[in-house]
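Notes follow the structure.
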Amino acid sequence: MDSFDLSGMRAALEEAEKALNEGEVPVGAALYRGDTLLWADHNRREALKDPTAHAEMLCLRNGAGKLGNWRLKDCTLYVTLEPCPMCAGALLMSRLGRCVFGAADPDAGCCGSIYDLPADPLLRGATAWEHGVLETECRALLDRFFSMKRQKGGTE
């Protein structure tokens, strides 16, 4: 799947919609090896009562299980929101080849916003990343979720 094929990000957006409908922060991810979808998932922290159940973590864990190999150097992860420190670290630890994300996260994004973990030379990471793919659609889901939370008086 080349960088001009949007089907990977569209799969991630479908997962983000599922998260929104389940009351989770609407982040979705899809892990591909070439043109093959290995795993697609969305945030499940509330449902699983697991602070590590981010869309990215679930895709990396299940995709590696499906491949029978934790090294994901020939895989691409599409995610609707820039990975947080935990997920950016997992990208490096899995040796993921590439991460493509939609919306930047100015509060916790670690692929260029507040820090660029994959580019830190001390970590010797090899994960390349691209951003801004279907950014408007990705941001709209997040804005909708947080607007609904504010209307209900909830916090996140």
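Determine the pairs where a residue that is open to solvent by 60 Å² or more (accessible area, probe 1.4 Å), located within region 116-144, has a partner that is assigned to a loop (DSSP other than H, G, I, E, B) and aliphatic (A, V, I, L, M) with Cβ atoms under 7 Å apart, the partner being 6 or more residues away or on another chain.
Partner pairs satisfying both residue conditions: H131/A104.
Is it fair to say D74 is over 23 Å from L142 (Cβ atoms), among the acidic types (D, E) and touching a residue at least 24 places away in the same chain (Cβ under 8 Å)?
Yes, satisfied.
Tell me, yes or no, whether region 110-117 has at least one residue that is in contact with an Asp or Glu (Cβ under 6 Å, 6 or more places away or on another chain) and within 15 Å of C138 (Cβ to Cβ).
yes
Quick one: how many residues across region 106-115 are in a strand (DSSP E or B) and free of Cβ contacts under 8 Å to residues at least 12 places away in the same chain?
Qualifying residue count, region 106-115: 0.
Look through A30, A40, A16, A12 and report the one residue that is at pLDDT 95 or above and under 14 Å from F145 (Cα atoms).
A16
Which of the following residues is in contact with a Pro (Cβ under 6 Å, 6 or more places away or on another chain) and surrounded by fewer than 24 Cβ atoms within 10 Å (Cβ to Cβ): L67, L6, L37, L20?
Residue meeting the stated conditions: L20.
I need the full set of residues from region 40-64 which are among the acidic types (D, E) and open to solvent by 40 Å² or more (accessible area, probe 1.4 Å), in order please.
Scanning region 40-64 gives E46, D50.
Please name all residue pairs, on different chains or six or more residues apart, with Cβ atoms under 9 Å, provided the first residue is in region 45-70 and is closer than 20 Å to N21 by Cβ and the second residue is aromatic (F, W, Y) and open to solvent by 60 Å² or more (accessible area, probe 1.4 Å).
That search, which allows pairs on different chains as well, returns L58/W39; C59/W39.
Going through region 80-105 one residue at a time, which ones are open to solvent by 10 Å² or more (accessible area, probe 1.4 Å) and touching a residue at least 40 places away in the same chain (Cβ under 8 Å)?
L81, the sole residue that qualifies.
The values are calculated or read from the model by the stated rules, or taken from the named source; none is laboratory data. Remember, it's a predicted structure, so these values are computed and weren't measured experimentally. All Cβ positions, glycine included, derive from the backbone under ideal geometry; neighbour counts span all protein chains shown. Side chains included, ligands, DNA and RNA excluded: accessible areas come from the protein's heavy atoms. Shrake-Rupley method; radii C 1.70, N 1.55, O 1.52, S 1.80 Å.
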